[in-house]
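Colleague: After the structure tokens below, expect a handful of questions from me.
The values are calculated or read from the model by the stated rules, or taken from the named source; none is laboratory data. Predicted, not measured: the structure shown is a model, and the values here were computed from it. Don't worry about glycine lacking a Cβ; one is built from the backbone with ideal geometry, like all the others, and counts go over all protein chains shown. In case anyone asks, the SASA skips ligands and DNA or RNA and just uses the protein heavy atoms, side chains included. Shrake-Rupley method; radii C 1.70, N 1.55, O 1.52, S 1.80 Å.
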Amino acid sequence: DIFSRIIVATRLDFGIALSAVLLSFAIGAAFGALAGFYGGWADRIVGRCADTIMAFPLFVLAMGIVAALGNTVANIVLATAIINLPFYIRVARTEVSIRRDALHVFPNVLPPMMVQISLNMGWAILNAAGLSFIGMGVRPPEAEWGIMVAEGATYIISGEWWVALFPGAVLMLAVFTFNLLGDGLRDMMDPRMRT
């Protein structure tokens, strides 16, 4: 049944995305905070590493990492975490360098990081589904949104369009929801919006 497979796929995709986002948040926030607080060589080294990751098209970089390490769930999480690292590094570095002299630095950095987490959840879900769609992610018979869309695409010609439509619509809705959540959090935390 397609709907039970979509529910099982939801658990897998959310698990991959949440694990990847938490991993990239923890590592990126730590390195970004160190770079912002100490400056100098630490800032240059961390900044160059983030720039190196951003120099590649991120999805292509994720494909390369998964192709090199193998397409297991752990490697998909790792690849997704690596391509999301620069976002957390840059946000943490900027916020910490601005608030370096504040009494409690990290609590002041958390609000913009929460916005970044919610936005990255949508991107991480899309990345995991995209890798599976092109055959480099989770493999069948595992239920995953990207696999379900790829399998359903072969049935469109025979008139069974819903096999690809429903998992694709759920994927779109999940990404859209996390993007709206990120926009809402950003607006809520922006002091100019609080009038």
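Colleague: Which whole-number percent gives the relative contact order of the chain, counting Cα pairs below 8 Å spaced six or more residues apart? Before the final figure, lay out each step's value.
Modeller: Details: 267 pairs, mean separation 50.2, N = 195.
The normalised contact order for the chain reaches 26 percent.
Colleague: Sort 86-99, 46-59, 27-40, 153-166 by packing, meaning the average of other beta carbons within 10 Å per residue, with the highest value first.
Modeller: 86-99, 27-40, 46-59, 153-166
Colleague: Return one whole number: the accessible area per residue of the chain in Å², for a 1.4 Å probe.
Modeller: For the chain, the per-residue accessible area is 54 Å².
Colleague: With a 10 Å radius around each residue's Cβ, average the other Cβ atoms per peptide and rank 124-134, 179-189, highest first.
Modeller: 124-134, 179-189
Colleague: Looking only at A20, A81, A68, which one moves most when the chain is put into a Gaussian network model with springs between Cα atoms under 10 Å?
Modeller: Highest fluctuation of the listed residues: A68.
Colleague: How high is the relative contact order of the range 83-184? Use alpha-carbon pairs under 8 Å, at least six apart in sequence, and give a whole percent.
Modeller: Computed over the range 83-184, the figure is 25 percent.
Colleague: Please compute the length gained on full extension between A102 and M188, using 0.36 nm multiplied by the number of residues separating them and subtracting their Cα-Cα distance.
Modeller: Gain on stretching A102 to M188: 28.7 nm.
Colleague: Obtain the nm distance between the two label points defined at I7 and A42 by a simple spin-label model: each point lies 7 Å from its Cα along the Cα-to-C-beta direction.
Modeller: Inter-label distance under the simple model: 4.9 nm.
Colleague: If contacts are Cα pairs under 8 angstrom and at least 6 residues apart, what is the relative contact order of the range 77-137 in percent?
Modeller: 33
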